[in-house]
Amino acid sequence: MQIVDVHCHLAARDFDADREQVIARAQEAGVVAAIVVGEDYEDDLRVLELAASSSFVLPALGLHPWRMERAGQDLPRVLRLIEDNRSRLVAVGEVGLDFRVAESAAERELQRAAFAELIEVAKSLDLPLSVHVRSAGHHVLALLAERGVRRAALHAFDGKARYALEGAAAGYAFSIPATVLVSRQKEKLAQALPDHALLVESDAPALGPERGVRNEPAVIARSLERIAVLRGSTPEVVAALTTANARRVFRLDL
């Protein structure tokens, strides 16, 4: 099987001690590439550095909605970094909305404004978006549609499956994390998505099947087995399908 992890954080400090071994375990499990996303300016720099040293890593740069306290300083620098490195990038991300974190109208508007600017730079450079969405599914889908976004992968979508189907009908893809092994909501999402909208991710080091245990891209092999059962398919078929979708959404030459 050839598997693409479309969303993870291998540049995170959590992997500084054994990053090469983590990548080796992923490759042994069939993961041929990982899209590594950045969360803020400093993290984006680490993503670029890691991608320069490993062909396994496909870089995406962004500003996470959790990082809005640094938006005034980081957003202009992140936008320039994206533009300066456009030829190296496979996506703009991690970007999006998180209304569980942003509770006030002012906080939510700050997230929206930053997301809108990042959407526009992605469109201008013809790059897809790797989108964080939590407790804001309707708002994310509405903003993507309003801004005319054609290529986007929504990672670890936490909304109802019927909202994901609206996004799939608009042409967006949804990546299923390893929590599909323990989450009924992710099971329903994996069952409901049409073939063209299905991707897989680890979100490592987060969203592993065991709470409090560092996650790794290699866990996707286990996710595929569960997704295959849920969809009445086989891991091989799901791997081929999601890898083909990753190639299309992110225009990967694998």
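Since every read-out is calculated from the coordinates, none of them should be taken as a lab result. Being a predicted model, the structure only gives us computed values, none of them experimental. Every residue, glycine among them, receives a Cβ derived from its backbone with ideal geometry; neighbour counts consider all protein chains shown.
One table, with the values for the structure above:
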{"quantity": "Relative contact order computed over the chain (Cα-Cα under 8 Å; 6+ residues apart), in percent", "calculated": "20 percent"}
{"quantity": "Correct choice for Cα Rg over 2.2 N^0.38 Å that was computed from the model, options [x] 0.97; [y] 0.92; [z] 1.19", "calculated": "[y]"}
{"quantity": "Low-density loop cleavage sites - GluC sites (Glu not before Pro) in the stretch 76-134, where at most 16 other Cβ are within 10 Å (DSSP)", "calculated": "E103"}
{"quantity": "Computed P(r) (all Cα pairs; the stretch 1-59; 5 Å bins; percent)", "calculated": "4, 21, 31, 28, 12, 4, 1"}
{"quantity": "Cα-centre dipole for the stretch 3-250 with unit charges at Cβ (Lys and Arg positive, Asp and Glu negative), debye to 20", "calculated": "740 debye"}
{"quantity": "GNM result for the chain, Cα springs below 10 Å: residue of V149, V32, V237 fluctuating most strongly", "calculated": "V237"}
{"quantity": "Trypsin sites (Lys or Arg not before Pro) lying in DSSP loop within the stretch 26-129, provided at most 15 other Cβ fall within 10 Å", "calculated": "R100"}
{"quantity": "Potential lengthening between R13 and R214 on full extension [0.36 nm per residue; Cα-Cα distance subtracted]", "calculated": "71.2 nm"}
{"quantity": "Residue among A11, A152, A105 with the largest mean-square fluctuation in a Gaussian network model of the chain, springs linking Cα atoms under 10 Å", "calculated": "A105"}
{"quantity": "GNM flexibility winner over the chain from V131, V22, V92 (Cα, springs under 10 Å)", "calculated": "V22"}
{"quantity": "Neighbour cut-off at most 10 other Cβ (10 Å), DSSP loop, trypsin sites (Lys or Arg not before Pro), the stretch 176-235", "calculated": "R211"}
